[in-house]
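All remarks here apply to the structure that follows.
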Amino acid sequence: MTTASAPDFPHQTTIPVIRTIAMPHDTNPSGDIFGGWLMSQMDLGASTIATRRARGRTVTAAVDGMSFLSPVFVGDEVTIYGKVISTGRTSIRVFVETWRRNRQTDEVNKVTEATFTFVSIDGDRKPRPLPPEER
Ligand SMILES: CC(C)(COP(=O)(O)OP(=O)(O)OC[C@H]1O[C@@H](n2cnc3c(N)ncnc32)[C@H](O)[C@@H]1OP(=O)(O)O)[C@@H](O)C(=O)NCCC(=O)NCCS
């Protein structure tokens, strides 16, 4: 078990962008929480961070290094944490971690992590240079 006081608990370096509860409609046919649902939550959370940095519309260009480390169960609290790890002329790489918490026992586990690349786009869907970083 990994607890909330463990040194690698993410809130030291990343920010929470989504917190939700895993529900029965988020399961796969076997009754476990569906990995695709977790990936969509991570994409949504990462896009919030990328869109804030771009101060405009972004699209998901790539997802790298997705690993599933432990399962999520119906009723778990699921939190998506993330941070910008690098930027290019138009692209933004966002590292994302997902943690689950059993709401009855407070047991906390890291579930998955991945790096998402977003591209800032204009109204014609063409790559748009990132604005200067806000201080
Ligand atoms: C992402 C997209 C805008 C890139 O357009 P493009 O004309 O190929 O862009 P460019 O070749 O000029 O590259 C623009 C930037 O995107 C980055 N990029 C493009 N494809 C990438 C990929 N597969 N992985 C990582 N970065 C990528 C480039 O490195 C470049 O970054 P930089 O400006 O910081 O150096 C375009 O491919 C697109 O719209 N894809 C669909 C996105 C989408 O619909 N996502 C949701 C899927 S459900």
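Only the coordinates and a few stated rules stand behind these numbers; no lab work does. Keep in mind the model is a prediction, meaning the values are calculated, not measured. All Cβ positions, even for glycine, are placed from backbone atoms using ideal geometry, and neighbour counts span all protein chains on display.
Annotations for the structure displayed:
- Stokes-Einstein diffusion for the chain, with the hydrodynamic radius set to the Kirkwood value over Cα pairs and evaluated at 4 °C in a medium of 1.567 mPa s, equals 83 µm²/s.
- 11 Å beta-carbon shell around VAL84, net charge (K/R +1, D/E -1): +3
- Taking ARG57, ARG89, ARG100 in turn, the Gaussian network model of the chain (Cα-Cα springs below 10 Å) assigns the largest fluctuation to ARG89.
- Two-site label geometry, MET66 and ARG135: point separation in nm, points 7 Å out along Cα→Cβ: 4.0
- FRET efficiency, PHE73 to ILE15 (Cβ-Cβ, R0 25 Å, nearest 0.05): 0.50
- Each residue of the stretch 15-29 was assigned a 3J(HN,Hα) from its phi angle through the Karplus expression (A = 6.51, B = -1.76, C = 1.60, θ = phi - 60°), giving 10, x, 10, 9, 9, 8, 10, 5, 10, x, 6, 9, 8, 8, x Hz with x at Gly and Pro.
- Rounded to whole Hz, the Karplus (6.51, -1.76, 1.60) HN-Hα couplings of the stretch 90-107, x for glycine and proline: 10, 9, 9, 9, 10, 8, 10, 10, 10, 10, 10, 10, 6, 6, 8, 9, 6, 4
- With θ taken as phi - 60° and the Karplus curve 6.51 cos²θ - 1.76 cosθ + 1.60 applied, the whole-hertz 3J(HN,Hα) list for the stretch 54-61 is 6, 6, x, 5, 9, 10, 6, 9 Hz, x standing for glycine and proline.
- For THR58, the amide hydrogen comes within under 5 Å of the amide hydrogens of ILE121, counting only partners 5 or more places away or on other chains and with H modelled in the peptide plane.
- Available extension along the chain between LEU44 and VAL59 is 4.3 nm, counting 0.36 nm per residue and deducting the alpha carbon span.
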